[in-house]
Amino acid sequence: MERQEATDTAPVSRILEGLNPEQREAVTLTEGPLLILAGPGSGKTRVITHKIAYLLARGVSPHEILGVTFTNKAADEMKARVRALLGEHPPLAQTQMPWIHTFHATCARILRAHIARLAPGYGPDFSILDENDQREVLARVLKELDLATEELSPGFCAQAIARAKDELVGPEAFPERYAGRLEPFVLERLARVYARYQAELQRSNALDFGDLIRLTVELFRRAPDVLEHVRRRFQYVLVDEYQDINHAQYAFTKLLAEGARHVAVVGDEDQAIFSWRGSDPQYLMRFARDFPDARVVELTRHYRWPHGDRIFRAARRLIEHNAGRLKRRLRADGLQGTGEPVRLILARDERHEAQAIVREIERLHREEGVALAQIAVLYRVNTLSRVLEEALLHAGVPYEVVRGFRFYERREVKDVLAYLRFLANPGDEISLLRALQRPRRGLGEATLAKLRRYASEEGLPLWEAMRRAAEGEGAGAAGLRGRSREALRAFVAAMEGLLALRDRLALPDLAQVVLERSGYLRKLEQLPDPERTERLGNVRELVGLLAEYERRAEAEGRVGSLTEFLEQVALLSEADAYSGEGGRVALMTLHASKGLEFDVVFIAGLEEGLLPHARSVAEGFLEEERRLLYVGMTRARRRLYLTLAQQRWLHGTMRLNGPSRFLLELPEDDLAIVNVNVNGGGGTGLHRGGGLLY
């Protein structure tokens with residue numbers, strides 16, 4: 001479908017201005033399948049946003065464009081860049097933005113419109129469980145099935161079920177599809193847990209992360225008219241970070257793209273680091289087989305290292321040890337090797353390593369004026385952060401640990417969110433049960449068991465069973481008497497009052513009323529300090545976040561909803577947890593650093609057994625470990641430090657690890673040893689074969 005360029009060509013010329021020839025080709029190839037191979041610092045985000053803006057400027061309706069990312073932060077950045085590129089151009093000013101969302105958010109929006117086609121238990125107001133919610137439900141299921149053991153823990157079950165859903169395996173097909181992959185007794189028990197868990201979710205009109213994509217693919221396959229409707233809607237599909245997709249995401253993209261076939265995917269197999277969550281870079285490599293007429297554009301120029309490319313050259317030399325790579329044109333040999341070398345810090349132990357890192361951070365900040373927010377310390381496993389935090393605290397250097405969205409995991413925040421989730425979806429038994437017990441109301445496990453049994457016998461949703469049990473004949477049928485019945489009656493009355501106010505109050509006002517009428521605020525106020533101050537501060541911050549959400553929605557010309565706010569909270573990822581604000585050094589895993597960049601990067605723990613990780617090597621994932629280091633190294637714009645320790649206290653034992661094999665794969669000319677004075681003492685020699693490495 002050829003498009004005529006818009007009459008006003010100024011936006012088009014502005015969009016193409018400053019693009020190099022390869023980027024311009026990737027932006028202007030709009031018809032048919034397109035594979036864009038883009039290494040770190042080559043401007044792939046620039047290409048995607050310019051491509052969306054180019055389509056809009058050429059007259060493509062925003063409603064025909066779907067952009068898919070892996071993080072909410074990336075989606076928000078794309079939207080902002082598209083708006084800036086188009087300015088006041090009429091196609092954007094008079095219509096809404098294109099859909100630019102994560103895979104999960106995209107599928108959630110599709111399911112809200114069509115999920116009723118899957119099963120009668122589902123409705124558009126479904127709740128989305130986060131990881132903690134999922135494990136709480138699984139813990140209850142294991143207890144009910146009398147299967148709770150150390151071997152069959154909620155965590156193990158959650159991981160196994162998530163992997164099955166990523167492979168599009170539902171509970172019915174699970175026993176057959178996983179036969180031979182699990183021990184028979186584990187398979188039989190896990191199959192029962194999966195089936196009961198999924199029934200619990202459906203009864204609560206709730207989905208977990210894996211369901212969002214799995215059920216969307218199932219919807220497309222079971223309802224061809226829905227698939228055709230979505231295909232007609234999204235004529236142009238753009239997918240970022242294609243090397244990170246798993247099987248479910250691949251199936252979703254392929255089903256959608258086989259419509260108009262105007263699909264552009266951007267990827268870099270050298271940055272595929274998420275196999276533990278089902279990602280497979282082979283899907284990037286098979287794109288040309290799926291779409292034989294696909295054009296391929298490789299972005300070979302990098303822009304992250306304007307002051308010299310020795311960091312990039314070292315990283316490229318490292319990654320070239322991996323086999324089966326698509327890219328061959330951009331090689332480290334062709335780079336100039338100017339700028340700062342990669343610096344190596346050799347430490348006695350983990351404390352010496354942490355102190356050396358902190359001393360160098362202090363020197364960079366004090367003597368060279370490097371902003372603390374432009375410094376990151378990366379590591380392979382979270383346990384390495386403890387000693388680093390101690391050293392930073394002792395030195396008075398502010399820092400931020402990026403490790404999930406901790407605020408929304410706090411007990412009091414999750415409690416208030418449970419009330420709000422029930423108000424948005426009264427069928428949500430999971431949130432209802434949490435709200436019923438927080439604060440405690442004299443309704444114990446025995447009463448809850450009676451209520452759930454009564455609901456099951458009568459074929460009623462739990463909320464309806466509670467309403468009936470609070471009054472009239474239902475109380476007798478449920479076996480409730482005296483104080484239990486009065487406590488339930490008070491709870492039901494409070495919740496009915498809140499449901500009546502749900503659509504009449506602004507979201508922050510609704511949250512405040514929830515706090516007051518539920519009795520939760522009163523319970524918090526009775527706590528001793530400093531716990532009282534901290535918890536009250538957290539719930540007030542939640543009320544403030546609801547107000548901020550409404551203001552942002554209003555600025556975008558739309559009305560925010562409770563369901564949308566709760567969905568955004570549920571779909572936050574670890575990458576979204578990094579604020580980048582407040583003048584603090586960032587501490588995070590190498591996985592969490594994907595997509596970020598800093599002026600200065602330290603990578604700690606370059607030791608055999610840590611990086612590469614011993615378990616990954618044993619399981620055959622050495623090349624992915626190499627890619628992980630490559631990702632970490634290429635986060636650094638100006639200066640990169642690699643650190644290692646002779647001995648390290650880890651997991652309760654002293655480990656004597658040798659240097660990482662990856663250090664021996666780096667070019668000697670681009671490495672330099674740094675001696676950081678930490679109460680005297682330096683590192684030890686590092687050897688390549690029989691000679692000194694440096």
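When only the Cβ of Lys, Arg, Asp and Glu is charged (+1, +1, -1, -1), the dipole of the chain relative to its Cα centre reaches about 260 debye. 3J(HN,Hα) along the stretch 128-143, derived from phi through the Karplus expression 6.51 cos²θ - 1.76 cosθ + 1.60 where θ = phi - 60°, amounts to 10, 7, 8, 4, 5, 4, 4, 6, 5, 5, 5, 4, 5, 5, 4, 5 Hz, with x in place of Gly and Pro.
Taking every alpha-carbon pair under 8 Å whose residues sit at least 6 apart, the stretch 160-301 reaches a relative contact order of 23 percent. Put the Cα centre of the stretch 21-60 next to the Cα centre of the stretch 151-166 and the gap is 38 Å. Taking every C-alpha pair closer than 8 Å and separated by at least 6 residues, the mean separation divided by the residue count of the chain gives a relative contact order of 18 percent.
Size of the stretch 217-310 from its Cα atoms: along the principal axes, largest to smallest, the extents are 54, 29, 22 Å.
Between the amide H of LEU642 and those of ARG343, LEU344, ILE345, ILE603, distances stay under 5 Å, these residues lying 5 or more places away or on another chain, with hydrogens modeled in the peptide plane. Distant-in-sequence amide contacts of GLU241, defined by a placed amide H-H separation under 5 Å and a gap of 5 or more residues or a different chain, comprise VAL266. Projecting the Cα atoms of HIS114, VAL27, GLY482 onto the charge dipole of the chain, computed from C-beta unit charges around the Cα centre, puts GLY482 farthest toward the positive end. For VAL585, the residues whose modelled amide H falls within less than 5 Å of its own, excluding neighbours fewer than 5 places apart on the same chain, are TYR399, GLU400.
For the chain, the solvent-accessible area of protein heavy atoms averages 42 Å² per residue (probe radius 1.4 Å; ligands and nucleic acids excluded). Of all DSSP beta bridges confined to the chain, the antiparallel ones make up roughly 10%.
The 3J(HN,Hα) values that the Karplus relation (6.51, -1.76, 1.60; θ = phi - 60°) gives for the stretch 267-283 are, in residue order, x, 8, 4, 5, 10, 7, 10, 10, 5, 5, 10, x, 5, 9, x, 4, 5 Hz. Gly and Pro appear as x. Compared with the dominant principal axis of the Cα atoms in the chain, helix 184-203 is inclined by about 60°. Looking at the stretch 17-62, the GluC sites (Glu not before Pro) that sit in a DSSP loop and have at most 12 other Cβ atoms within 10 Å of their own Cβ are GLU17. When the chain is described by a simple charge dipole with +1 on each Lys and Arg Cβ and -1 on each Asp and Glu Cβ, the residue from ALA288, ALA500, TYR194 located farthest towards its positive end is ALA500.
With 31 Å as the limit on Cα-Cα distance, the pairs of LYS51/LYS414; LYS143/LYS254; LYS73/LYS143; LYS79/LYS414; LYS165/LYS450 that go past it are LYS51/LYS414; LYS143/LYS254; LYS73/LYS143; LYS165/LYS450.
Please report, in debye to the nearest 20, how large the charge dipole of the stretch 132-250 is about its Cα centre when each Lys and Arg carries +1 at its beta carbon and each Asp and Glu carries -1 there. Don't jump to the answer; show the numbers that get you there.
Details: 17 positive and 21 negative charges, 76 e Å.
The dipole magnitude comes to about 360 debye.
Nonpolar atom fraction for the stretch 352-398, defined as the carbon and sulfur part of the 1.4 Å probe accessible area, stands at 51 percent.
Over the stretch 17-133, Cα pairs under 8 Å with separation of 6+ residues give a relative contact order of 21 percent. Compute the Rg/Rh shape ratio of the stretch 9-91: radius of gyration over Kirkwood radius, all on alpha-carbon atoms. Value, to two decimals: 0.93.
The values are calculated or read from the model by the stated rules, or taken from the named source; none is laboratory data. What you are looking at is a predicted structure, and each value in this text was computed from that prediction instead of being measured. Positions of Cβ are generated from backbone atoms using ideal geometry, with glycine treated the same way; all protein chains shown enter the neighbour counts. Only protein heavy atoms, including side chains, enter the accessible area calculation; ligands, DNA and RNA are left aside. Shrake-Rupley method; radii C 1.70, N 1.55, O 1.52, S 1.80 Å.
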